[in-house]
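Reading through the structure tokens given below for one structure.
The values are calculated or read from the model by the stated rules, or taken from the named source; none is laboratory data. Computed from a prediction, not measured in an experiment: that's the story for all the values here. Ideal geometry is used to build each Cβ from the backbone, glycine not excepted, and the neighbour counts take in all protein chains shown.
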Amino acid sequence: SSENGTSGRGALIVFEGMDRSGKSTQARRLLNHINATTKHGAILQPFPDRNEPIGQLIDRYLKREIDFSEKALHLAFSANRWQKEPLILETIDKGVDVICDRYAFSGVAYSMAKGLDRSWVRQSDVGLPRPDIVLYFEVSPEVAKSRGGFGEERLEKEELQRNVAKEMQGLRGENWIIINANNDEDTVERDVRIAYENIIKTKELGKLTEI
Ligand code: T5A
Ligand code: NA
């Protein structure tokens with residue numbers, strides 16, 4: 001049964017999905033909800049984490065200020081996650097939930113969509129903490145396009161987004177919950193809360209083996 005309460009380890013919750021599907025909006029809402037309604041609380045961990053040294057380079061790449069080769073960029077995104085692995089583990093150990101806004105699935109899907117080989121791409125994230133649940137935000141291209149800010153950063157091209165969506169389908173595991181992200185913010189929030197309440201945690205946090 002679910003240990004989602006005041007005892008035991010924290011949960012590792014991942015938000016994934018297309019650009020502009022509303023992940024960051026809902027990750028913040030879930031953070032506030034958990035902190036307002038539980039003793040254990042939660043922290044929010046975005047990826048890329050643009051405050052970390054490697055994340056600052058990724059940020060400059062996304063803003064078209066510097067260039068990376070595709071493989072170096074892939075490893076930078078992955079290293080940015082490894083940088084945060086100790087914090088994630090310590091936090092979960094203390095009983096606090098960790099909410100990741102994107103994770104290794106973005107890393108694999110974006111790099112594969114750009115043509116990198118799957119077996120090469122997945123290696124760098126093997127061994128990272130395995131999420132208890134992945135909330136996958138599915139949004140139609142038309143809806144995503146209509147939302148604020150689309151197209152500002154360099155990976156937000158339509159064809160790439162289509163390929164990313166295709167690659168993401170192939171990464172779905174049994175711990176994935178599909179969220180209809182075309183809905184309004186309150187409807188999506190309700191679905192996210194239901195998924196959160198139904199998380200079933202194993203005793204120990206697992207590790208990513210297959211991605
Ligand atoms: N990337 C990332 C890789 O290539 N490899 C990796 O390993 C990782 C981790 C930056 C880029 O990096 C790539 C993927 C990305 O291309 P990012 O920082 O997560 O990644 O990207 P952002 O641009 O910050 O975020 P997204 O584009 O993914 O947007 P979100 O978080 O899905 O959407 P959000 O919540 O910011 O909302 C977007 C807009 O829509 C509105 C919001 O108010 C906002 O204006 N909105 C809604 N409007 C109507 N109805 C709703 N339900 C709405 N929800 C939000
Ligand atoms: Na975001």
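Quick one: which helices (runs of 4 or more DSSP H) sit completely within the stretch 44-119 and have at least 1 residues that are more than 12 Å from ligand 1 (Cβ to nearest atom) and within 19 Å of the chain's Cα centre (by Cα)?
Working: elements: 53-62, 70-93, 104-113.
Those helices (runs of 4 or more DSSP H) span 53-62, 70-93.
Among His33, His40, which is more than 16 Å from ligand 1 (Cβ to nearest atom), touching a helix residue (DSSP H, G or I) at 6+ places or on another chain (Cβ under 9 Å), farther than 17 Å from Glu156 by Cβ and in contact (Cβ under 8 Å) with a residue 12 or more places away in the chain? Before the answer, list the steps.
On the way: His33 fails: more than 16 Å from ligand 1 (Cβ to nearest atom).
None of the others qualify; the one that does is His40.
When the stretch 63-95 is examined, which residues are found to be surrounded by 19 or more Cβ atoms within 10 Å (Cβ to Cβ) and either touching a His at 6+ places or on another chain (Cβ under 7 Å) or under 12 Å from Gln45 (Cα atoms) (or both)?
Selection gives Asn80, Arg81, Lys84, Ile88, Thr91.
Residue pairs, Cβ under 6 Å, 6 or more apart or interchain, first in the stretch 14-30 and farther than 16 Å from Asp186 by Cβ and within 6 Å of ligand 1 (Cβ to nearest atom), second assigned to a loop (DSSP other than H, G, I, E, B) and not hydrophobic (A, V, I, L, M, F, W, C). List them.
Asp19/Glu156; Arg20/Arg147
For the stretch 136-211, which fully contained helices (runs of 4 or more DSSP H) count at least 2 residues that are under 17 Å from the mean Cα position of the chain (by Cα)? Steps first, please.
On the way: elements: 141-146, 158-169, 185-197.
So the answer is 158-169, 185-197.
For Gly127, state whether it is in contact (Cβ under 8 Å) with a residue 24 or more places away in the chain, out of contact with any Asp or Glu (no Cβ under 8 Å at 6 or more places or on another chain) and at positive phi. I'd like the intermediate steps shown before the answer.
Numbers: in contact (Cβ under 8 Å) with a residue 24 or more places away in the chain: yes; out of contact with any Asp or Glu (no Cβ under 8 Å at 6 or more places or on another chain): yes; at positive phi: yes.
Considered against the rule, which asks whether it is in contact (Cβ under 8 Å) with a residue 24 or more places away in the chain, out of contact with any Asp or Glu (no Cβ under 8 Å at 6 or more places or on another chain) and at positive phi, Gly127 comes out as yes.
Within the stretch 179-189, does at least one residue satisfy the condition of being at pLDDT 95 or above and in contact with a Leu (Cβ under 9 Å, 6 or more places away or on another chain)?
Initial filter on the stretch 179-189 (at pLDDT 95 or above): 179-189.
Then drop every residue that is not in contact with a Leu (Cβ under 9 Å, 6 or more places away or on another chain), which leaves 179, 189.
Yes, the stretch 179-189 has at least one match.
Please name all residue pairs, on different chains or six or more residues apart, with Cβ atoms under 7 Å, provided the first residue is in the stretch 100-111 and is at negative phi and at pLDDT below 95 and the second residue is away from ligand 2 (no atom under 15 Å from the Cβ) and of a type in the set (Val, Ile, Thr).
Taking only residues 6 or more apart or on different chains, not a single pair turns up.
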